[in-house]
Amino acid sequence: MSLDDYSKLDGLGLAELVATKQVQPIELVDAAIARIERHNPKINAVVWTMFDRARAMAKGPLPPGRFAGVPFLLKDSLGDIAGAPTRHGSAFVPATPYEQNANLTNRFLAAGLVPLGKTNVPELTLMPVTEGRLYGPARNPWDINRTPGGSSGGAAAAVASGMVPVAHANDGGGSIRIPASCCGLVGLKPTRARTSVGPTLGEGWGGLEVEHVVSRSVRDSAAMLDATAGSAPGDPYCAPPPPASWLAELANAPGALRIALVRVRPDGSAPHADCLTAVDHTAALCRSLGHQVDLIDPPAWWAASSEPFTVLYATSQVSLIDSIAAATGAVPSPNQLEGYTLAVYEMGKSFSAAQYQASLNAIHQFGRAAAALHQQYDVMLTPTLGAPPLKIGTVDTESANPEATIGQLLEFVPFTTMANMTGQPAITLPLFWNADNLPIGSQFIGRYGDESLLLRLAAQLEAAQPWALRHPPVWG
């Protein structure tokens, strides 16, 4: 098949060609490999390849999953697959092949996806930009001088450029939604514990982190959740029961929703004018579809959220770095870890067990406050980001001042961490492009456990204002 045909379809569209025998999986894999070889020198999205393995998989019998034969990329963090390393974007982690798959990888494989490699991430997934020392910066297909976001920046750049229709991503503070917004994609962060992070972890970042994908269509995101959701034996807890099928839910209209619109950061300051224009555009679109949209002030707890988030964020790095050190005998040092990573590591060690426990208690109370708000409103609408995609180099990854850098990062990503702390599902949609032709996402946050309503609303908005025909300069 031609590259042009490949780029026109989402994952389910490609899978349909395979199912109806219009193409063979090897044709899709070869098309994806050709696209990676063509575009990766420009955007540095893929950092580890396994093309021979993918071709062999595509030629053999594949599981009869919904995505059978569709090319796919795993993230270089928690995207573990036997025979390939997972380095978390850090020289501190040796390039040692893993001996077992992650639970999530097994579900991707059971869905029939064909992994081609691993995508670029910032060191230890600490940044909302992807500019690590080990791999170098990933670049945004809409403007190669700007970031594709992070930490799933390589995944988003790969999908936005058309290398693959969908790619693995994860989200501890916005790492699905941030790059999806930067690259003009759909980015769903599922409910806490909706997907398993086993077998090596019970939870990530004190329960903040969750696994999913970035995609070009709402239906791919829904179908991928069908394929991967559910706890695994031994998981410490699980999400509320799912519907029979999230993909099937897209056939149902969302109804007339009550939407709470927040236009300002937690401290009351205004985000970038483009982000306000984007969210106002989305609010107007929602009203035109019959939804009630009420402007509200940021919930009171938002202003108190940065400290508990920082404690969980920093202490998780201590646990990760110390576990790597114990396994390898390596000592954390400036030769192997970036300046900011080391600074966050030292910050994390300064927090006490009591502070960690207090932070867990705080985010649980935030969840109760959010649940109370959702008794009045079905969905909350915010800008996804505080600014358009940053120019590469804006953030100093070698900074030894974590407090200042975290403050800078929260200026860029003031709206995404809230749903991680409460465990709510949240989705960003590409409904606006600015005068520089950069995508600016809008975020919807739903009730705990209710991805269905978010996906139904997202499908309605996608039908009202399709984005499938908008492509970046690095494409095709």
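The values are calculated or read from the model by the stated rules, or taken from the named source; none is laboratory data. Just so it is clear, the model here is predicted, and its values are computed rather than measured. Virtual Cβ from ideal backbone geometry, glycine too; neighbours counted across all protein chains shown.
Tabulated values for the structure
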| item | result |
| --- | --- |
| Residue pairs meeting the criteria (Cβ under 8 Å; at least 6 apart or on separate chains; first in contact (Cβ under 8 Å) with a residue 60 or more places away in the chain and outside any strand (DSSP E or B), in the range 107-120; second surrounded by fewer than 24 Cβ atoms within 10 Å (Cβ to Cβ) and among the aliphatic types (A, V, I, L, M)) | R107/A227; F108/A227; A110/A227; A111/A68; A111/A227; G112/L62; G112/A68; N120/V47 |
| Breaking point among (1) over 30 Å from I144 (Cα atoms); (2) in contact with an Asp or Glu (Cβ under 6 Å, 6 or more places away or on another chain), for S217 | (1) |
| One residue from S245, S288 being among the polar types (S, T, N, Q) and in contact (Cβ under 8 Å) with a residue 60 or more places away in the chain | S288 |
| Evaluation of A193 against (1) touching a Cys at 6+ places or on another chain (Cβ under 8 Å); (2) under 16 Å from L74 (Cα atoms); (3) not hydroxyl-bearing (S, T, Y) (one fails), failing number | (2) |
| Residue selected from the range 345-373 under the condition of a type outside the set (F, W, Y) and crowded, with 20+ Cβ neighbours inside 10 Å, by the criterion nearest to A426 (Cα to Cα) | A370 |
| Selection status of T310, at pLDDT 95 or above, in contact with a helix residue (DSSP H, G or I) (Cβ under 8 Å, 6 or more places away or on another chain) and hydroxyl-bearing (S, T, Y) | yes |
| Checklist (1) surrounded by 21 or more Cβ atoms within 10 Å (Cβ to Cβ); (2) at pLDDT below 95; (3) assigned to a loop (DSSP other than H, G, I, E, B) applied to G202, failing item | (1) |
| From the options L337, L312, residue that is part of a helix (DSSP H, G or I) and buried (at least 17 other Cβ atoms within 10 Å of the Cβ) | L312 |
| Number of positions in the range 342-356 that are polar (S, T, N, Q) and either in contact (Cβ under 8 Å) with a residue 40 or more places away in the chain or touching a helix residue (DSSP H, G or I) at 6+ places or on another chain (Cβ under 6 Å) (or both) | 1 |
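Residue-by-condition table, conditions (1) surrounded by 23 or more Cβ atoms within 10 Å (Cβ to Cβ); (2) outside any strand (DSSP E or B); (3) touching a Phe, Trp or Tyr at 6+ places or on another chain (Cβ under 8 Å):
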position: E37; (1), (2), (3): no, yes, no
position: V47; (1), (2), (3): no, no, yes
position: P63; (1), (2), (3): no, yes, no
position: G69; (1), (2), (3): yes, yes, no
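Residues checked against (1) more than 22 Å from L247 (Cβ to Cβ); (2) out of contact with any strand residue (DSSP E or B) (no Cβ under 6 Å at 6 or more places or on another chain):
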site: N437; (1), (2): yes, yes
site: R447; (1), (2): no, yes
site: L453; (1), (2): no, no
site: A459; (1), (2): no, yes
site: V474; (1), (2): yes, yes
